[in-house]
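For reference, the structure I am asking about is given below.
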Amino acid sequence: MMSSLLQSSTTATPVASMTASTASTAAAGAAAAGTGSTATVTALTATCAALALILVAMCLLDLPYFFRSLFSYVSATCFKKKLRATDTAVYSSVCLTSDLDVYLTHMNNARYLREIDLARIEFLLRTGIWRELRRRGGLIFTIANSVRYRRFVRTFSRYEIRTRIVYWDDVSIFFEFRFVSKADGFVRAIVYNRQQVVDCSADELMRTVVGGGGGGGDGADSTEAAKTASEGAYRRPECPIEIHHWIQSNLMSSASLKAEIGDGDPL
């Protein structure tokens, strides 16, 4: 009888050990599963939060425009060669689905103004006008546009914007932008853009840049450039007849508004 009890006790010990081991393994597995589940939930939460932030940013800001502006800045400062202020700059682009109007066959009319913004960024940086402008503590803003659409810029067609300065006075710089299709060289649209210079003289700015001081050097270099310009290197271009009539049209519009509203705004 004693032998039977001893044998029963010996048999029960391994069984209890196996049971405890199994329970420990199950507990460890459950803990690992819990940890993995928590990590998954945390990753999903972070992803959802990031997507929500991107969605909010896209609703509040025009992110494609800012990214393309940054690309134009980097391209103009790091990869494209410098130009003189009297040169013509070429900016290449393509009409994408995000540029289309409701007909889905050609570029939206409003997109032309967006595209000249990007072309102008490159022009100002490549010619040194922006650097000299900031050295003088000035800024530049669009105050008028004149757009003439000649033919559609079709979906997925490649085109280039040819940018040049056609005239300037004491307060403004007048740009011309030509949208030229690469397939046939046809001028699809032409835009005249008036940029007002504030906190410095537009004429003195252009005198320095055209005279060779657009690199943004020190005051002595700028003075020497201005001196060279005054000796004949600098010459303000004649105002094109279409720009002259456009200026007169703007003045007439301003006079009409002042007579109607009496706001006293010079523009």
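Please list the non-local residues whose amide H lies under 5 Å from the amide H of Arg84, H modeled 1.01 Å from N, same-chain partners needing a gap of 5 or more.
HN-HN under 5 Å from Arg84: empty list.
Here's something else I'd like to know. If you average 1/r across every pair of different Cα atoms in the range 120-185 and take the reciprocal, what Kirkwood value do you get, in Å?
14.1
Where in the range 80-138 are there trypsin sites (Lys or Arg not before Pro) that are in a DSSP coil and have at most 11 other Cβ atoms within 10 angstrom of their Cβ?
When the trypsin sites (Lys or Arg not before Pro) of the range 80-138 are filtered for loop state and at most 11 Cβ neighbours within 10 Å, Lys81 remain.
Something else now. Just to verify a number: FRET efficiency for Ser146 and Ala50, C-beta to C-beta distance, R0 = 45 Å, to 0.05?
E between Ser146 and Ala50, to the nearest 0.05, is 0.55.
Report the residues of the range 70-96 in range of a label on Arg158: point 7 Å along Cα→C-beta, backbone N strictly under 13 Å from it.
Within reach of a label on Arg158: 92-95.
None of the figures in this text is laboratory data; all of them are computed from the coordinates on show. Quick caveat, the model's predicted, so the values are computed rather than measured. In this analysis, Cβ positions are derived from the backbone assuming ideal geometry, glycine residues included, and neighbour counts consider all displayed protein chains.
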